Every structure is written in structure tokens, then in C-alpha cells.
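Here is the structure we will look at.
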Amino acid sequence: MSMSGPILITGGAGSVGRLLVQRCREADLTVRVFDLPFCDFSGLEGENGIEVVKGDITDASNVAEAVRGVGAVAHLAALLPPASEGNRDRTFAINVEGTASILQAMSTGAPDAVMVFSSSVSTYGDTRAETTPVRVSHAQTALDIYAESKIASEARIRESSVEAVILRIAGVSVPVLQEPPEVWPFTAEQRLEMVHRDDVVTALYKSLITPAARGKTLNIGGGTTWQIHGRQYVTDHFDLLGVPVEMAAFRGEDEPGWVDWYDSTEAQQLLDYQQHTYEDYLNTLREQVARMLEDDD
């Protein structure tokens, strides 16, 4: 597919951003990466088909430089939890006003470009008492500052003249063995649907190149194989590590997380992004454990 200008990826030096850069380059699309000057740009700077613009999303002149002449924007840059919860004004300056600044720059410097916006299913709030799956028509009720900032950002997008695809992304499962959190961000009995990190990258990429996705708000969940409960997810991970699930700490019933099961039917029909089942994900982790045990022998 050809575009009139490069694809701008805000937050392009981050983990998902780098994978999206790689996906775009594999399709022979040129990319412009925009991220903070102190980020690690190794593997990006000086590479064929990749332009790096260093700047701050809260600086309108930096944003205008990054946006000018682009064919599309994948807007990933944001202050994430837990950092987002410390200072509401700072979070809104980055997440909401930063988004507004990109929209303004697009309207003047790239009026035909589409924005693909990384939002979150956390914007639905506590849906435990409701019928699943949660659809994009569900009301948005923030439980934290981050979700509040995403709701406000979505509103700015809808108010603008820019064509956009809003992706409400579920919790991302990274296919790498990681230290379990001290407290899992959901209750043991809560419905839980995560999504494989690589499938998120596919959804972002296909949103950029799929005209039929423009103007849509889509849930990006893992699909039916990922629709389990909190205890099952944690048990599966603890079994890999040989740790009894009784050692896990869950959120209390009086302080639930925002997780649930999601209706991603339209997203899957448009983007065909669900390429890794929950069992595929677990098998990747099992292979990592097996390699670690071999290395220890």
C-alpha cells in the first residue's frame, strides 16, 4: 500500500511502538518516530525508511514538526499507570492536551491523514454486575486518572475534523516470563480477557491501512479463547513457575479492577488481528521455562 507521506508513530521508541515500526517497515512503508529526546532510539536512528523526530508532545511546535506532511498517525504516546496516577494535571497535559495538539497539527499540516488512537477498555469502569460481552456502546466511567484521560481524549477526537480509528485495547499480555505483581489488578472471580501484545501491533497496523476502519471505535481483546477468570489466569502463570496459586494476592471485592470480557467481533472482521490464542501464549511461556531449565543443567 502506498501513502502520501510517512506514518507518524508517537511513542515510537517504546516497546509496542518499536514493533509497529518494524511491521510498517516490513510492508515497505516509511515511518516517522516521535518520542522524548532522552528515549533510546537505537535501531531506529539512521535506519532506512525511518525518520526520528525528538520532542515533547506537550510542545505544540515539536508536534507540528512531527505531524507535517504525514500520511497517517498512530498515536501511542501517553503517560501510563502507575505514573499517570500521581499528578492529574500532568497526566491530562500529556494524554489529553497532547492528543488535542496532534489533532490541531493534523488539521493544518496533514488534513487527509487518519489518526489511529490507542485508547483503553479501562474507560468502561467496573462492569462486573452487567451482562457480557462489553460493547463499544457501553457507557464510560473512569476508575482512575488514566481512564479519565482516555475518555477526555476520545471526546477531543470526536469533536475534531480528523478522521480517526479509536482502539479500546484490553490488558496486554507480553509473551515473556515476568515477575508476578505483588497484587494482581483484578479479583479472583472477575471475568478477564487480555490480548497478546503482537495481536495489538497487528490491530494498530491494520487500522492504519484499512479504509473501512475509519470512523470506527473498536474493542481490541484477545477473543473467546482469552475469556477466562482472574484465578485461572494467575493459576496458569504460577503453574509455569512452580508456585502455588495460594501465594497470589488479588484485589479485594470492594476494590475491583476494570477487566471483563469484550465484544471484539467488528474489530476482528475488519482487522483480522486475533492470531494468537491464549494457549499459544501459554505455550510460548512454557518454551521459555524449558529453555531456562536446559541452560541451568
>> I'm trying to understand the selection: among the residues of segment 223-259, which are hydrophobic (A, V, I, L, M, F, W, C) and within 28 Å of Asp272 (Cα to Cα)?
In response: Trp226, Ile228, Val234, Trp258, Val259
> From the list Val116, Val52, Val73, which one is hydrophobic (A, V, I, L, M, F, W, C), in a strand (DSSP E or B) and out of contact with any helix residue (DSSP H, G or I) (no Cβ under 7 Å at 6 or more places or on another chain)?
Replying inline: Val52
>> The conditions are (1) in a loop (DSSP other than H, G, I, E, B); (2) closer than 30 Å to Leu240 by Cα, and Arg168 fails exactly one of them. Which is it?
In response: (1)
> Residue check: is Ser207 farther than 19 Å from Asp272 by Cβ, crowded, with 20+ Cβ neighbours inside 10 Å, under 17 Å from the mean Cα position of the chain (by Cα) and touching a residue at least 40 places away in the same chain (Cβ under 8 Å)?
Replying inline: no
> Could you count how many residues in segment 230-261 are in contact (Cβ under 8 Å) with a residue 60 or more places away in the chain, surrounded by fewer than 16 Cβ atoms within 10 Å (Cβ to Cβ) and either within 26 Å of Glu130 (Cα to Cα) or among the aromatic types (Phe, Trp, Tyr) (or both)?
Replying inline: 3
> (1) within 20 Å of the chain's Cα centre (by Cα); (2) not in a loop (DSSP other than H, G, I, E, B): which one isn't true of Asn62, the others all being true?
Replying inline: (1)
> Within the set of pairs 6+ apart or on separate chains, which have a first residue in segment 30-56 that is within 14 Å of Ala66 (Cβ to Cβ), a second that is hydroxyl-bearing (Ser, Thr, Tyr), and C-beta atoms under 7 Å apart?
Replying inline: Phe34/Thr10
> Assuming Val134 fulfils every condition listed in (1) crowded, with 19+ Cβ neighbours inside 10 Å; (2) within 30 Å of Thr30 (Cα to Cα) apart from one, which condition is it?
Replying inline: (2)
>> Scan segment 92-102 and tell me whether some residue there is hydrophobic (A, V, I, L, M, F, W, C), under 24 Å from Leu270 (Cβ atoms) and assigned to a helix (DSSP H, G or I).
In response: yes
> Taking into account only those residues within segment 188-202 that are of a type outside the set (D, E, K, R) and in contact with a Ser or Thr (Cβ under 9 Å, 6 or more places away or on another chain), which is nearest to Phe238 (Cα to Cα)?
Replying inline: Met194
> Can you find even one residue in segment 129-140 that is in a loop (DSSP other than H, G, I, E, B), on the phi > 0 side of the Ramachandran plot and either among the small types (Gly, Ala, Ser) or free of Cβ contacts under 8 Å to residues at least 24 places away in the same chain (or both)?
Replying inline: no
> Since Arg158 meets every condition but one in (1) closer than 22 Å to Glu253 by Cβ; (2) loosely packed, with under 14 Cβ neighbours inside 10 Å; (3) without any contact (Cβ under 8 Å) to a residue 24 or more places away in the chain, which condition does it not meet?
Replying inline: (1)
>> Which pairs turn up if I take residues in segment 81-108 that are of a type outside the set (Ser, Thr, Tyr) and look for partners that are part of a loop (DSSP other than H, G, I, E, B) and surrounded by fewer than 14 Cβ atoms within 10 Å (Cβ to Cβ) with beta carbon separation below 8 Å, at least 6 apart in sequence or on another chain?
In response: Ala93/Thr58; Ile94/Thr58; Glu97/Thr58; Gly98/Thr58
>> For segment 262-278, give me the residue count where each residue is touching a Ser or Thr at 6+ places or on another chain (Cβ under 7 Å), surrounded by fewer than 21 Cβ atoms within 10 Å (Cβ to Cβ) and in a loop (DSSP other than H, G, I, E, B).
In response: 2
> Taking segment 111-138 as the region of interest, how many residues are closer than 19 Å to Ala267 by Cα and modelled with pLDDT of 95 or more?
Replying inline: 17
>> From the list Thr99, Thr108, Thr58, Thr30, exactly one residue is at pLDDT 95 or above, closer than 26 Å to Tyr146 by Cβ, of a type in the set (Ser, Thr, Tyr) and surrounded by fewer than 20 Cβ atoms within 10 Å (Cβ to Cβ). Which is it?
In response: Thr58
> Does Ser4 satisfy being among the polar types (S, T, N, Q), in a loop (DSSP other than H, G, I, E, B) and modelled with pLDDT of 95 or more?
Replying inline: no
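The values are calculated or read from the model by the stated rules, or taken from the named source; none is laboratory data. As the structure is a computational prediction, the values presented were derived from the model and not from experiment. Glycine also receives a Cβ, built like all others from the backbone with ideal geometry; neighbour counts cover every protein chain displayed.
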